[in-house]
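The values are calculated or read from the model by the stated rules, or taken from the named source; none is laboratory data. Bear in mind that the values here come from a model prediction, so they are computed numbers and not experimental data. Methodologically, a virtual Cβ is constructed for each residue, glycine included, from the backbone with ideal geometry; neighbour enumeration extends over all protein chains shown. We work out accessible area using only protein heavy atoms, side chains counted, and drop any ligands, DNA or RNA first. Shrake-Rupley method; radii C 1.70, N 1.55, O 1.52, S 1.80 Å.
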Amino acid sequence: MHCPEVRERLSLKLDGRLPEADERALQVHLKDCPACMEVWRRWRAIDELFAAAPTLQPPEDLTARILARIRPEPQPSALGATVLVLGFGLALWVAALVLPLLVTLCLAVMAGGQSPWLLAAGASVGASLLRLAAAVAEAGRLLLWGAVHSPSGLVAGAYGLVTIGAVVAWLRVVVFRPHQAWG
Amino acid sequence: MDGERVLVERALSGDQDAFGALVQAYQGAVYNLAYRMLGTAAEAEEAAQETFIRVYRRLSTYDRQLKLSSWVLAIASHYCVDRLRRRRLTWLSLDSVPDAAVAVEPSEAPEAGLLQREKERELHDLLGLLPEAYRLVLVLRYWNDLSYEEMAQMLDTSESAVKSRLHRAREMLAAHLAPRRARPTSERLERSLAGHALS
């Protein structure tokens, strides 16, 4: 074995992966070659320095700190979907009941004033409300569609039906009755 | 191994205690890898935290054919190599690491502590000489005690590439060791003690 071959094998020797035949040849060469022996001494010094370096203990609270930084990913759940539908339904209820009441009050005040300009404005607001009612009804229809196609469809469908019912009631009781009364 | 798989499955179903047990099992290996790669306790801790957060987020992609330890250490290695590359871009070298970063047991006597500190500093400086890929194989070999096969699997390379990197890393260190060793440790220790007495 010659010097380049010996030096190629030093790393394997340090890792205990040198075949036995190579090991013997390497030992023979090192005994007779001061240059390779010097290289081997340096390699062994590095190996000893590294092997003697302590393994460190991580901080005691490392696990706790890691777990504190990990929050469960928000998973879409049936409960979450229900809350979403409930919130949306509630919003529609507000739109269907509170707004018309306010506008009806406004119309009544305008009708009391007997001003043609105010009456025209009131009629305009009424038309807007009808468009709003149509939009709310459309949202209800979509919820009904969701009832058929989504996992939490039962809840969504129930709210769709209730919302449509609310809109119909609003149209019948709040929007049309005042016109009849004022007519 | 089966217990480990059970822990993985439980962690995947959201059991934080199971994930905590996995962290406990591998935090030592990850922390030591990060410490030897990055050089400071603070960075090692940050690296360990980031590694396990990535492990948690990617657990569903874990290939059961791999050893979990290899997979976790691969994530830690990528993180550390990225950190070192970014550090190089910002011109911050290992030389700027404060002395306090060197690991010494607090219970040791002052002289023994200084000697240990001196050895750690030497080790630290030597590791700092190496490119990331060479530093990584040495760290995996000495502090994580991985075989060539495990390193090859972890680094997604061949065994011969691992052997070659280890050989090259040692060769580079040996080239630097001779001038360093010309100054005996006792002399360096005396200088450290003198510096300690003055401070």
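When each of B:E118, B:E149, B:E111 is tested for being more than 10 Å from chain A (Cβ to nearest Cβ), touching a Lys or Arg at 6+ places or on another chain (Cβ under 9 Å) and open to solvent by 30 Å² or more (accessible area, probe 1.4 Å), the lone residue that passes is B:E118.
Show the residue pairs that are 6+ apart or on different chains and have beta-carbon atoms under 9 Å apart, the first residue being within segment A:1-26 and more than 12 Å from chain B (Cβ to nearest Cβ) and without any contact (Cβ under 8 Å) to a residue 40 or more places away in the chain, the second being open to solvent by less than 60 Å² (accessible area, probe 1.4 Å) and assigned to a loop (DSSP other than H, G, I, E, B). Every condition considered, the pairs that remain are A:C3/A:C33; A:V6/A:C33; A:L26/A:L18.
Condition check for B:M37 on (1) farther than 19 Å from A:R69 by Cα; (2) surrounded by fewer than 16 Cβ atoms within 10 Å (Cβ to Cβ): one failure, at (2).
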